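Quick note: the coordinates plus some simple rules give every number you see, no bench work behind them. Just so you know, these numbers come straight off a predicted model, no measurement behind them. We place every Cβ from the backbone using ideal geometry, glycine too, and count neighbours over all the protein chains shown.
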Amino acid sequence: MLRKEKSSKVRKNRMKRDVAMIHRRWRERLLVGFKLTSLIVLLMATSALYVMGYAAVTGSDYFGLRNISLSGNQRLSEKEILAQADIHPGDNLVALNLRLVRERLSAHPWIATARVSREIPEALNIQIVEHTPLARVDLGRTFLINTQGRIFKEAEDNDPQDIPLVTGMAYSDISLGTNALTAAMQTVLQMLHHSQAASSAIGYTEIKRLHMDKQIGVGITLKQSERIIKMGFDDFEKKSRRYKQLRSHLEGDARWRDFKAVDLNNPDRVVVRLSDADHSLDQQ
């Protein structure tokens, strides 16, 4: 009899514990649900406040664009740059997408790089670097190359016409993107950059045409005299000095003053051709 009572008490106590555990679990679940619900409500309220705040800021005249600082432009006017960037006085400065503005500017053929920053509440700074045209390149169609030897646009009537014209090049001699320059383009660049040096006897502004022959190298035609100077592939500094000495000697002699061409491929044995193709002079 005693055993039955004891067994009955054990079962009742166990049932109480099970019910209490179930209630505790439900309370824990309700508490977690309440916390999650509160968090979601808080996030939604924060998002709503952010959206309302952003709408208020981007719609406020206080952040209207009133001051535009522009630097680095040489060829392009302020009007052209602002039109390319598609920005206007009065635009909301906070709402302005600076990355998109940079991309628009960089898409202009004359703009090499662009930087854009804002100064709250009303100022926008634009810094650009324009391409510097070094020469025109005839590939059947004429293109402009910059000082790095890269094509940046097709030549148009209003583009510079007084820069050297490079001939003898093929599309395969042109490097795209960040690819290394071809040997032909490197030779052309080397000669053009040398002509821009103060020490060069063949000035950059004197060059009418630069012909690149892959067998014999660079040949230069001068603007005024139409003289042809054959420079080969390298040693342009040495050959330029040799030409300077030779030119002074030839122009001081009436017999050779009207020389037509000079071959400096071998600066130690220079060949000079007169206007009359039947005569030539070897200078060693």
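Structural remarks
- For segment 133-283, the alpha-carbon coordinates run over 49, 31, 30 Å along the three principal axes, in decreasing order.
- Sites SER38 and ARG99, calculated FRET efficiency, Cβ-Cβ separation with R0 30 Å, nearest 0.05: 0.25
- Taking all pairs of distinct alpha-carbon atoms in segment 125-188, Kirkwood radius in angstrom: 12.4
- Each other residue within a Cβ distance under 13 Å of LEU105 adds +1 if Lys or Arg and -1 if Asp or Glu, for a net charge of -1.
- The count of lysine pairs in segment 133-283 that are at least 8 places apart or cross chains, and whose C-alpha atoms lie under 29 Å apart, stands at 27.
- Model label sites at GLN186 and ASN146, defined 7 Å from Cα along the beta-carbon direction, differ in position by 2.1 nm.
- For MET231, neighbours were defined as the other residues whose beta-carbon sits under 10 Å from its Cβ, and their charges (Lys and Arg +1, Asp and Glu -1) total -1.
- FRET E, pair ASP235, ASN92, Förster distance 51 Å, beta-carbon r, rounded to 0.05: 0.25
- Spin-label pair LEU176/LEU139, simplified geometry with 7 Å Cα→Cβ offset, distance in nm: 0.9
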